[in-house]
Amino acid sequence: MTGSVRILGIDPGSRHMGYGLIEKNGSRLRYMDASRLSLGSGDFIQRLLHIDGFLSAYIADHQPAAVAIEGIFHQKYADAAIKLGHARGVAICCCARAGLAVFEYAPTDVKQSVTSYGRAEKSQVASMVRMILGVQAQWPADASDALALAICHANRAHTLLPSR
């Protein structure tokens, strides 16, 4: 790989969505941005539209080359799982519409990639994310998880972009 590649990590949710952006240049990873999009508890369709509008603008402004998003995992409550699935679908569709390659990673794979332990606690993941990226920032847990997704992709992908 020559040059740098920006990777956007997305930790989807119907009330909060974490996002984190890193840049990979060779074997070096550089922190660029991370935060949480708070969607509130209002009308569900409006929250989905907010995800789409935010991601569309973010992608246009930051120009990532690839997106790593948390894959589907078992949820205790069916209603929560369905809403999370909708939020994931909107995020994936928005990224695909922008022409980005989208990669899905299971939570245990992300934890394994970042901490070497697939059942690590969120605090352990956050601590390793800070260490790997060489920053002392404190992010909301979902923003830290989004950065972990981007790091996982940077470390695990044989190629950062699929062949087309």
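The values are calculated or read from the model by the stated rules, or taken from the named source; none is laboratory data. Since the structure is predicted, the reported quantities are computational estimates derived from the model, not experimental observations. Cβ placement follows ideal geometry from the backbone for every residue including glycine, while neighbour counts extend to all protein chains displayed. In case anyone asks, the SASA skips ligands and DNA or RNA and just uses the protein heavy atoms, side chains included. Shrake-Rupley method; radii C 1.70, N 1.55, O 1.52, S 1.80 Å.
Data for the structure
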quantity	calculated
Filter result (touching a strand residue (DSSP E or B) at 6+ places or on another chain (Cβ under 7 Å) and either among the basic types (Lys, Arg) or farther than 24 Å from Ile45 by Cβ (or both)) within the range 72-99	Arg88
Cβ-Cβ under 6 Å pairs, at least 6 apart or on other chains, the range 70-92 side at pLDDT 95 or above, far side of a type in the set (S, T, N, Q)	Ala87/Ser14
Conditions (1) in contact (Cβ under 8 Å) with a residue 40 or more places away in the chain; (2) over 25 Å from Arg119 (Cβ atoms); number of the one not met by Ser27	(1)
Evaluation of Ala120 against (1) without any contact (Cβ under 8 Å) to a residue 24 or more places away in the chain; (2) in a helix (DSSP H, G or I) (one fails), failing number	(2)
Any hit, the range 104-117, residues being outside any helix (DSSP H, G or I), open to solvent by 50 Å² or more (accessible area, probe 1.4 Å) and in contact with a Lys or Arg (Cβ under 8 Å, 6 or more places away or on another chain)	yes
Pick from the range 9-51, criterion in a strand (DSSP E or B) and open to solvent by 50 Å² or more (accessible area, probe 1.4 Å), ranking: farthest from Asp142 (Cα to Cα)	Asn25
